[in-house]
Amino acid sequence: MSARVTFPNKILPYALILPQLVIVGIFFYWPASQALYQSVLREDPFGLRTTFVGLANFRHVLTQPSYINSLQTTAVFSIAVAFIAMSVALLLAVMADKVIKGKGFYRTMMIWPYAVAPAIAGMVWLFMFNPTMGTFAYMLRSAGYAWDPLLKGDQAMILIIAAAAWKQISYNFLFFVAGLQAIPKTLIEAAAIDGAGETKRFWTIVFPLLAPTTFFLLVINTTYAFFDTFGIIHAVTGGGPGKATETLVYKVYHDGFVNLILGDSAAQSVILMVMVIALTAIQFRYVEKKVHYG
Amino acid sequence: MATVELKDVRKVYGGKVEAVKGVSIDIPDGQMCVLVGPSGCGKSTLLRMIAGLEEITDGTVSIGGQVVNTFGPAERDIAMVFQNYALYPHMKVYDNMAYGLRNRGTPKDEIDRRVREAAGILGLEDFLERKPRELSGGQRQRVAMGRAIVRKPKAFLFDEPLSNLDAKLRGQMRIEIKSLQRSLGVTSVYVTHDQVEAMTLADTLVVMNSGVAEQIDTPLAIYEKPASVFVAGFIGSPAMNLLAGEIAENGRGVKLVGGAYLKPRDTVLPEVGRSVLLGVRPEHLTLVSDANNADFQLKVTTVETLGADTLAHGHPVDGDPKSSELIVRLSGDVQVRHGDVLPLAIDAGKAHMFDAGTGKRI
Ligand SMILES: Nc1ncnc2c1ncn2[C@@H]1O[C@H](COP(=O)(O)OP(=O)(O)OP(=O)(O)O)[C@@H](O)[C@H]1O
Ligand SMILES: [Mg+2]
């Protein structure tokens with residue numbers, strides 16, 4: 001392995017990581033500590049007085065039926081988004097690997113959706129499936145399907161899952177393409193000589209060797225589905241109809257900035273933070289064990 | 001077990017690069033054919049066409065008397081050992097060897113029997129539960145061999161299987177491969193650019209040069225009667241001395257470009273005035289006791305002491321130092337130094353004559 005670079009200067013290394021530390025400090029630790037601080041306070045309705053309430057906010061939040069509902073919504077949403085975004089991307093990457101003519105063009109086109117802002121992506125999907133004027137909504141209805149995501153919770157859910165997954169496919173695609181290219185061609189050839197057909201080769205050779213990429217994307221996609229889909233939900237459903245698409249992040253926003261229940265909202269974001277940390281830790285601890293790195 | 005026949009096999013990559021330009025080889029059942037040649041001459045391409053990994057542009061490949069051009073690699077029933085071994089890194093040694101059998105629906109106990117048998121032959125019994133990355137280079141090489149032999153295929157194909165090993169291990173594995181191939185009696189095609197491997201392993205040796213099979217024969221026949229200047233220069237180490245000149249009058253032999261005359265004994269000379277390349281292997285020049293028995297005098301410029309042998313570089317005393325440079329292989333106990341003049345004789349019947357224009361043997 002390459003030798004470790006050492007600096008004779010004592011201050012230089014710290015100076016070099018300082019910008020990173022500052023950024024992380026200002027944009028993560030400070031807000032996080034604020035949330036933590038807020039989560040043990042309660043503000044009166046007029047915002048005149050704040051009192052220390054200990055864990056009361058947490059108790060309150062965790063006993064709310066709407067919070068439990070939101071937890072379930074988030075679970076369904078996140079699993080669906082991560083699964084769909086990853087499997088579609090993998091399928092596309094495997095197909096892109098076979099394209100010989102126009103490979104670059106095809107890949108570029110595949111990557112573009114990533115450049116679309118989440119809210120815009122949401123709007124596009126909203127338009128396409130808008131019950132009154134959307135092209136796809138029209139097609140669905142003329143096919144005899146009662147499509148109305150503004151009234152039907154499960155349909156609203158499908159819509160935001162589709163939009164959120166679509167948005168993430170490009171990113172996953174990029175990593176899968178790179179991952180596929182890193183698999184030595186001779187392994188595939190050896191497997192072909194060993195009598196494995198195309199599908200068999202994929203599941204017994206390619207997929208296991210892609211595991212590091214898949215694992216990395218699993219972590220990224222889960223976090224994405226938890227946090228970065230806010231824009232899409234906000235633009236498409238606003239958490240509705242009812243509370244059918246209110247994910248945890250959306251609820252944090254809604255309770256805190258719309259309903260102005262700051263203590264509850266802060267407690268929720270602390271819980272959310274703990275959950276994502278726990279999730280990532282679990283992924284690293286248990287899933288990564290099954291991952292074979294080169 | 002089967003014969004392998006190539007008939008006018010050609011490969012053109014992307015309509016432009018002609019990597020293999022019509023090669024025909026017949027490999028009898030159970031024999032080992034070695035393809036040797038410099039880098040980029042099309043050895044791997046040819047092998048991959050036999051394996052079914054590369055489409056055949058023209059000509060036919062037959063295995064066991066059946067034309068297999070349109071068959072996929074699996075249907076051809078061959079096994080291949082790759083240069084980088086191509087072991088499945090996520091599978092244990094056992095599963096690496098069993099993979100091909102499982103894909104072909106071999107019963108479980110039969111798989112187990114064959115894998116253990118192969119592991120026994122190759123001394124891999126203790127490593128069956130390990131992953132490839134936990135093995136040494138030589139052990140990986142054995143696993144790759146094991147994967148090939150468990151299947152009992154019609155033919156083995158090797159693409160420089162030993163080039164990632166150190167010299168000592170390479171020598172050892174070479175012998176193992178040879179004896180394994182002999183005892184299993186499986187027809188084999190072996191690609192290498194190492195001429196020691198080529199000479200020792202081959203029943204039939206094919207010397208390739210830019211997509212053409214320059215000569216196909218037994219290793220010894222190729223060593224003794226190289227068909228062209230290319231083959232002469234490629235087979236043998238150090239390489240054969242090749243001196244440009246023309247046939248001199250009055251039976252004085254060959255007049256070298258530098259002005260010196262060389263007269264090889266027991267060699268039929270072509271017509272006077274013809275431009276030739278005279279080839280003599282370093283080991284076919286003998287140090288003689290006095291100048292009267294010598295064919296020429298060599299002025300030594302460099303000496304390489306190898307222990308068993310000593311290589312003396314130099315040129316004929318009356319010749320040009322550049323154009324008539326020669327190497328002589330002397331016994332290791334001969335003391336030679338820079339600047340010495342050695343009386344040398346060309347061994348009877350060991351000189352080779354090539355046409356200067358075509359490079360073909362005369
Ligand atoms: N996929 C390809 N597309 C175009 N040209 C190729 C391709 N593969 C090989 N070639 C060319 O074909 C020629 C023969 O290649 P090949 O790999 O058979 O050489 P080789 O004899 O095996 O050499 P080496 O000893 O270096 O492995 C080379 O000139 C190479 O550049
Ligand atoms: Mg090669």
Practice problem: Considering (1) aromatic (Phe, Trp, Tyr); (2) touching a helix residue (DSSP H, G or I) at 6+ places or on another chain (Cβ under 9 Å); (3) at pLDDT below 80, say which one residue A:37 fails and leave the rest. | Solution: (3)
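Return yes when residue B:56 is away from ligand 1 (no atom under 11 Å from the Cβ), farther than 17 Å from residue B:197 by Cβ, in the same structural domain as residue B:176 (by TED's automatic domain parsing) and open to solvent by less than 10 Å² (accessible area, probe 1.4 Å) and no when it is not. Don't jump to the end; show me each part of the working.
Values: away from ligand 1 (no atom under 11 Å from the Cβ): yes; farther than 17 Å from residue B:197 by Cβ: yes; in the same structural domain as residue B:176 (by TED's automatic domain parsing): yes; open to solvent by less than 10 Å² (accessible area, probe 1.4 Å): no.
No.
Please verify whether the range A:259-268 includes one or more residues that are out of contact with any helix residue (DSSP H, G or I) (no Cβ under 7 Å at 6 or more places or on another chain) and farther than 30 Å from residue A:97 by Cβ.
The answer is yes; a qualifying residue exists.
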Quiz prompt | Qualifying positions in the range B:192-213 - within 13 Å of ligand 1 (Cβ to nearest atom) and over 8 Å from the mean Cα position of the chain (by Cα) | solution = B:208, B:209, B:210, B:211, B:212, B:213
Self-check item: Sole exception among (1) more than 10 Å from chain A (Cβ to nearest Cβ); (2) in contact with a helix residue (DSSP H, G or I) (Cβ under 7 Å, 6 or more places away or on another chain); (3) of a type in the set (A, V, I, L, M, F, W, C) for residue B:67, by number
Solution: (2)
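Please work out if residue B:155 is more than 16 Å from ligand 1 (Cβ to nearest atom), among the aliphatic types (A, V, I, L, M), touching a Ser or Thr at 6+ places or on another chain (Cβ under 8 Å) and within 14 Å of chain A (Cβ to nearest Cβ). Steps first, please.
Working: more than 16 Å from ligand 1 (Cβ to nearest atom): yes; among the aliphatic types (A, V, I, L, M): yes; touching a Ser or Thr at 6+ places or on another chain (Cβ under 8 Å): yes; within 14 Å of chain A (Cβ to nearest Cβ): yes.
Yes, satisfied.
Can you confirm whether residue B:78 is at pLDDT 90 or above, assigned by TED's automatic domain parsing to the domain that holds residue B:181 and touching a strand residue (DSSP E or B) at 6+ places or on another chain (Cβ under 7 Å)? Steps first, please.
On the way: at pLDDT 90 or above: yes; assigned by TED's automatic domain parsing to the domain that holds residue B:181: yes; touching a strand residue (DSSP E or B) at 6+ places or on another chain (Cβ under 7 Å): yes.
For residue B:78, the condition - at pLDDT 90 or above, assigned by TED's automatic domain parsing to the domain that holds residue B:181 and touching a strand residue (DSSP E or B) at 6+ places or on another chain (Cβ under 7 Å) - is met.
Pick out, from the range B:279-333, the strands (runs of 3 or more DSSP E) lying fully within it that include 2 or more residues that are touching a residue at least 60 places away in the same chain (Cβ under 8 Å) and within 23 Å of residue B:257 (Cα to Cα).
On the way: elements: B:285-287, B:296-305, B:309-316, B:326-331.
Per the criteria, B:285-287, B:326-331.
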Quiz prompt | Considering residues of the range B:10-41 that are within 16 Å of ligand 2 (Cβ to nearest atom) and of a type in the set (Val, Ile, Thr) only, the residue farthest from the chain's Cα centre (by Cα) | solution = B:17
Quiz item: Would you say residue B:114 is away from ligand 2 (no atom under 16 Å from the Cβ) and not in a loop (DSSP other than H, G, I, E, B)?
Solution: yes
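With the condition being within 14 Å of chain B (Cβ to nearest Cβ) and under 30 Å from residue B:95 (Cβ atoms), I'd like the helices (runs of 4 or more DSSP H) fully within the range A:181-287 carrying at least 2 qualifying residues.
Details: elements: A:185-193, A:198-201, A:211-223, A:230-236, A:248-253, A:262-282.
Helices (runs of 4 or more DSSP H) meeting the threshold: A:185-193, A:198-201, A:211-223.
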Quiz item: Among A:75, A:82, A:32, A:96, which is part of a helix (DSSP H, G or I) and more than 24 Å from residue A:270 (Cα to Cα)?
Solution: A:96
Quiz item: Limited to the range B:105-142, what total is found for residues that are facing chain A (nearest Cβ under 9 Å) and surrounded by 14 or more Cβ atoms within 10 Å (Cβ to Cβ)?
Solution: 1
Exercise. Kindly indicate the residue of the range B:28-45 that is surrounded by 21 or more Cβ atoms within 10 Å (Cβ to Cβ) and more than 7 Å from ligand 1 (Cβ to nearest atom) and also farthest from residue B:236 (Cα to Cα) among those meeting that condition.
Key: B:32
Quiz prompt | the range B:82-102: number of residues that are open to solvent by less than 30 Å² (accessible area, probe 1.4 Å) and not in a loop (DSSP other than H, G, I, E, B) | solution = 7
Practice problem: With respect to residue A:247, determine if the residue is surrounded by 20 or more Cβ atoms within 10 Å (Cβ to Cβ) and under 25 Å from residue A:121 (Cα atoms). | Solution: yes
Self-check item: Selection count, the range B:66-81, where residues are open to solvent by 10 Å² or more (accessible area, probe 1.4 Å) and within 16 Å of ligand 1 (Cβ to nearest atom)
Solution: 1
Quiz prompt | Odd one out for residue B:48, checked against (1) open to solvent by less than 40 Å² (accessible area, probe 1.4 Å); (2) under 20 Å from residue B:154 (Cβ atoms); (3) within 16 Å of ligand 2 (Cβ to nearest atom) | solution = (1)
Practice problem: Would you be able to say whether some residue in the range A:166-176 is within 14 Å of another protein chain (Cβ to nearest Cβ) and closer than 30 Å to residue B:81 by Cα? | Solution: no
Quiz item: Out of all the residues in the range A:59-74, is one or more under 30 Å from residue A:213 (Cβ atoms) and among the hydroxyl-bearing types (Ser, Thr, Tyr)?
Solution: yes
Exercise. From (1) buried (at least 18 other Cβ atoms within 10 Å of the Cβ); (2) assigned to a helix (DSSP H, G or I), pick out the condition that doesn't hold for residue A:127.
Key: (1)
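The values are calculated or read from the model by the stated rules, or taken from the named source; none is laboratory data. Here the structure is a predicted model, which is why all the values come from computation and not from measurement. Cβ coordinates were reconstructed from backbone atoms using ideal geometry, including for glycine residues, and neighbour counts include every protein chain displayed. For accessibility, only protein heavy atoms count, side chains too; no ligands or nucleic acids. Shrake-Rupley method; radii C 1.70, N 1.55, O 1.52, S 1.80 Å.
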